[in-house]
There are 4 protein chains.
Amino acid sequence: MALVDHTGMKDEEKDTGRIEAFSDGVFAIAITLLALELKIPHSVEGGEEGLVRALVNQWPSYLSFITSFCTILIMWGNHHEVFRFVRRTNTGFMLANGFLLMLVTVVPFTTALISDYLNKAGAVVACAVYGGVFVLISIAYNLLWYAAVKDRSLLRSGVPEQTIRKFTRNYRIGFPLYLLATAAAFVSPFYTIGICTALWVFWAFTMRREGSEATPSKLG
Amino acid sequence: MALVDHTGMKDEEKDTGRIEAFSDGVFAIAITLLALELKIPHSVEGGEEGLVRALVNQWPSYLSFITSFCTILIMWGNHHEVFRFVRRTNTGFMLANGFLLMLVTVVPFTTALISDYLNKAGAVVACAVYGGVFVLISIAYNLLWYAAVKDRSLLRSGVPEQTIRKFTRNYRIGFPLYLLATAAAFVSPFYTIGICTALWVFWAFTMRREGSEATPSKLG
Amino acid sequence: MALVDHTGMKDEEKDTGRIEAFSDGVFAIAITLLALELKIPHSVEGGEEGLVRALVNQWPSYLSFITSFCTILIMWGNHHEVFRFVRRTNTGFMLANGFLLMLVTVVPFTTALISDYLNKAGAVVACAVYGGVFVLISIAYNLLWYAAVKDRSLLRSGVPEQTIRKFTRNYRIGFPLYLLATAAAFVSPFYTIGICTALWVFWAFTMRREGSEATPSKLG
Amino acid sequence: MALVDHTGMKDEEKDTGRIEAFSDGVFAIAITLLALELKIPHSVEGGEEGLVRALVNQWPSYLSFITSFCTILIMWGNHHEVFRFVRRTNTGFMLANGFLLMLVTVVPFTTALISDYLNKAGAVVACAVYGGVFVLISIAYNLLWYAAVKDRSLLRSGVPEQTIRKFTRNYRIGFPLYLLATAAAFVSPFYTIGICTALWVFWAFTMRREGSEATPSKLG
């Protein structure tokens with residue numbers, strides 16, 4: 001009894017706090033491990049110029065590193081947004097979050113895959129796998145958001161329906177767009193990376209602003 | 001004296017806080033390092049189809065990755081549950097927690113082992129080692145829980161005996177089940193993975209609900 | 001409405017809190033991964049003395065490890081300083097922070113590069129790349145600081161103009177000095193490392209003191 | 001002015017908080033990376049028995065992993081103890097902490113070194129290097145503690161002189177003992193590991209109790 005009276009709300013906050021901290025840890029580690037895919041050119045011939053050539057030839061590594069880094073960063077921001085509205089968790093929410101984190105840890109693998117195969121045979125498959133994991137991640141986000149809003153009791157009080165509907169719409173558009181990016185691999189692998197790049201650029205410059213707008217005016 | 005008066009309880013909370021944060025860090029890193037075991041197929045022949053075949057042939061990697069990821073996630077949840085009841089630590093509790101963390105960091109190694117040996121000679125030994133580490137982890141959990149409840153002074157006030165007995169029962173069943181999973185390797189390596197999968201699925205869908213039940217009704 | 005009234009300021013603090021925690025995670029992981037570049041000498045001949053020689057021959061690894069470790073640590077301290085003044089974020093600030101973190105995760109790669117090439121052909125290019133990333137990082141810091149102070153609404157109240165101008169000056173000098181370190185590679189690769197070392201030593205012994213001075217007297 | 005009045009003490013706490021969190025991150029990552037040194041035996045002959053033999057032959061890996069894991073865990077506990085007494089930082093304290101963290105990240109490297117060389121020529125040098133890093137770490141702890149207590153203004157109020165002297169004595173004994181462990185390598189490499197093991201076992205079972213004693217009775 002004392003436990004409930006004394007720490008009822010505190011427990012809930014602590015719960016979300018540890019899940020956020022754990023998730024942040026996984027995001028931070030996954031995003032930092034991306035750089036491990038940048039390989040040092042070994043036994044280069046031709047001295048200084050040889051090293052320049054070897055480094056320049058690794059351009060698929062840099063391209064895939066930047067694309068994945070920025071995409072994971074945006075996803076972390078999204079994750080952050082979801083948790084801003086949530087004050088409690090349940091089984092469905094925890095499972096969706098676990099599914100999401102599992103997929104995020106796979107991104108360094110798919111990044112290494114396109115980094116290796118982008119300029120050789122296998123590029124189509126590599127890019128389709130790369131895009132496919134983002135499709136799964138967008139599904140995981142929708143499951144997470146659905147678990148959060150389905151039963152309004154997980155949300156903080158006072159979140160207006162309008163804001164929820166807006167975020168529901170925003171999360172839904174990720175799925176078809178990443179599906180398009182995946183399908184585009186079969187036309188040209190660069191289309192996949194181009195669409196993924198366009199997506200993080202778009203979200204980087206819009207999402208945050210929407211959040212800010214939402215807070216003072218929409219909730220006012 | 002001032003230290004005790006001024007920060008007595010705060011110190012205790014901070015103590016648990018840093019141990020939780022450190023443990024969360026270890027769990028988060030171990031779970032993310034699992035994905036490093038997913039290897040990029042190198043020097044694949046046969047172009048796009050060759051890469052598809054090479055990726056598909058790595059199915060033991062994916063299977064062991066998913067099994068280990070979900071199991072560590074459940075274990076993290078368990079760890080979280082234990083700490084919800086604890087407000088102080090002592091030597092025994094710290095040692096049990098250290099033993100647990102050491103074993104958790106070993107899981108990426110045993111995962112890589114089954115990932116390498118699942119479809120070749122050595123699968124029995126690899127799966128027995130994999131299951132064996134989970135047996136040790138279940139022992140570590142029982143030691144941790146025993147250290148927490150043996151001397152009731154480590155617990156928050158107001159935790160009913162009924163709840164403690166319930167959790168004691170729950171932690172005890174892990175040991176024989178993982179022992180079974182380990183022994184099953186000598187029948188078929190897939191039995192080990194099958195039992196481990198069944199366990200995390202079962203716990204994912206039940207544990208949390210029990211926790212929720214416990215909080216409002218059992219403690220009410 | 002309740003959300004704004006109830007958690008208005010708390011939300012803001014939490015916002016910065018999670019960004020700091022995430023950034024700290026990336027800094028901590030990047031700084032720890034540096035040590036992965038220290039390689040074990042394999043198949044050494046000549047017994048005990050052979051191992052001593054092999055370890056001594058790896059001196060470029062140790063030199064680059066120490067330089068990079070200390071530089072990242074100073075950068076983390078800088079990051080910390082910026083966030084001491086900030087209580088809210090906006091798009092520009094988030095993008096600058098993301099750009100900064102991306103570059104920080106690249107430092108283990110450039111460190112491995114100079115570690116491999118410092119005593120062979122390629123040293124000039126390796127050191128120029130190493131210095132070049134620090135040039136980009138100093139740009140990222142200036143962008144971050146500019147985003148923070150441009151619109152004074154991101155800052156905590158009561159930060160005097162004088163302090164802001166002082167920090168603006170401090171962040172600006174990093175750029176030309178790292179540019180010099182990069183250019184110096186073309187004279188001698190050791191100049192790059194020497195200048196980078198001089199910089200972290202200088203900042204380690206001055207920056208903190210300035211911060212302390214600033215707090216009681218300048219803001220008093 | 002508002003900044004000082006409003007957040008004077010809070011800033012200080014936040015300062016220590018981020019340094020603790022960053023340090024915890026480095027400790028957690030370093031301790032988890034130790035397990036990366038456990039290698040999967042590749043291309044083993046002799047089927048199941050061959051894998052058993054190959055795994056058993058890796059016993060130096062397991063021994064060095066356990067020794068290093070437990071030693072880092074004890075060091076983390078020590079670090080924690082120091083910060084319990086500290087409420088502010090200065091340049092010297094930050095530098096000592098940075099030096100300590102740098103050495104902690106090196107432990108996975110020295111662990112891999114003894115893991116590779118323990119049962120072949122090179123064991124003496126490997127163990128001397130392994131012990132030598134712990135000697136440096138014990139120096140770092142003494143510097144950290146000295147920086148903390150030299151100027152009593154870094155400490156929380158109300159810490160009795162008696163407690164400070166006790167901790168000063170405790171930190172001092174690490175240095176000669178690790179020096180002994182290092183020198184012992186030249187007699188037998190196993191002496192180094194034996195002494196290191198004896199040390200963490202001793203500290204695990206005593207340190208914490210002393211802390212507990214200190215809190216209620218010594219400070220009462």
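All of the numbers you see were taken from the coordinates with simple rules; none came from a lab. What you see is a predicted model; the values in this text were computed from it and never measured. Here Cβ is always computed from backbone atoms with ideal geometry, including for glycine, and neighbour counts include all displayed protein chains.
A few comments on the model shown:
- The other copies place their D:L179 label points at 5.0, 5.0, 7.1 nm from this one, listed shortest first, where each point is 7 Å from Cα along Cα→Cβ.
- With contacts taken as Cα pairs under 8 Å at a separation of at least 6 residues, chain D carries a relative contact order of 23 percent.
- Other protein chain C-beta atoms within 10 Å of residue C-beta, averaged over C:119-130: 4.
- Sparse-neighbourhood loop sites, trypsin sites (Lys or Arg not before Pro) in segment D:86-153 - DSSP loop, at most 13 other Cβ within 10 angstrom: D:K120
- Teacher prompt: C:K120 distances to equivalent labels in other copies, 7 Å Cα→Cβ, nm: 2.1, 2.1, 3.0
- Calculated diffusion of segment C:55-115, Stokes-Einstein form, Kirkwood radius summed over Cα pairs, 37 °C and 0.692 mPa s, µm²/s: 247 µm²/s
- Only Lys, Arg, Asp and Glu carry charge here, each on its Cβ (+1 for the first two, -1 for the last two); on that basis chain B has a dipole of about 720 debye about its Cα centre.
- Along the axis of the charge dipole computed for the protein assembly as shown (Cβ charges of +1 for Lys and Arg, -1 for Asp and Glu, origin at the Cα centre), the listed residues B:F99, D:L155, C:G92 are led at the positive end by D:L155.
- Proximal charge balance of B:S61 [Cβ under 9 Å; K/R count +1, D/E count -1]: -1
- The distance between label points at C:A198 and C:H42 comes to 4.0 nm (points 7 Å beyond Cα on the Cα→Cβ vector).
- Between A:N119 and C:N57, the C-beta separation translates, for a Förster distance of 30 Å, into a calculated FRET efficiency of about 0.30.
- Normalised contact order of segment C:7-131, rounded percent, pairs of Cα under 8 Å and 6 or more residues apart: 37 percent
- Legend: distances between Cα atoms for C:K166/D:K150; D:K39/D:K120; B:K39/C:K39; B:K39/B:K120; B:K39/D:K120; A:K39/C:K120; pairs beyond 27 Å are C:K166/D:K150; B:K39/D:K120.
- Efficiency of FRET between C:F190 and B:T91 - r from beta-carbon atoms, R0 56 angstrom, step 0.05: 0.65
- Remark: label point of D:R156 defined 7 Å out from Cα along the Cα-Cβ vector; separations to the same position in other copies 2.2, 2.2, 3.0 nm, ascending.
- Toward the positive end of the charge dipole of chain A, with +1 on the Cβ of Lys and Arg and -1 on the Cβ of Asp and Glu, the farthest Cα among A:V44, A:V133, A:T168 is that of A:T168.
- Sparsely packed GluC sites (Glu not before Pro) within segment A:32-94, loop by DSSP, other Cβ within 10 Å at most 15: A:E45
- Selection among D:Y146, D:F22, D:Y62 by position relative to the dipole of chain D gives D:Y146 as farthest towards the positive end (Cβ unit charges, Cα centre).
- Within the protein assembly as shown, helix-based [θ] at 222 nm, where runs of 4 or more DSSP H residues each add -39,500 (n - 2.57), nearest 500: -28000 deg cm²/dmol
- Put simply, the amide H of B:V86, placed in the peptide plane, has neighbours under 5 Å in B:R156, leaving out anything fewer than 5 places away on its chain.
- Interchain or long-range residues, amide H under 5 Å from B:L118's placed H: none
- With θ taken as phi - 60° and the Karplus curve 6.51 cos²θ - 1.76 cosθ + 1.60 applied, the whole-hertz 3J(HN,Hα) list for segment C:97-112 is 5, x, 4, 4, 4, 4, 5, 5, 5, 7, 4, x, 5, 5, 5, 5 Hz, x standing for glycine and proline.
- Segment B:T206-B:L180, length gained on full extension (0.36 nm per residue, minus Cα span): 7.3 nm
- Neighbouring Cβ atoms from other chains, within 10 Å of the Cβ of residues in A:100-109, number 5 on average.
- Overall form of the protein assembly as shown per C-alpha gyration tensor (a/c, 1.5; a/b vs b/c): rounded
- In Å, descending, principal axis extents of the Cα set of chain C: 74, 36, 29
- Whole-angstrom gap from segment D:176-201 to segment C:111-190, using each part's C-alpha centre: 43 Å
- Choice from A:F22, A:F175, A:F109 with maximal GNM fluctuation in chain A (Cα, 10 Å cutoff): A:F22
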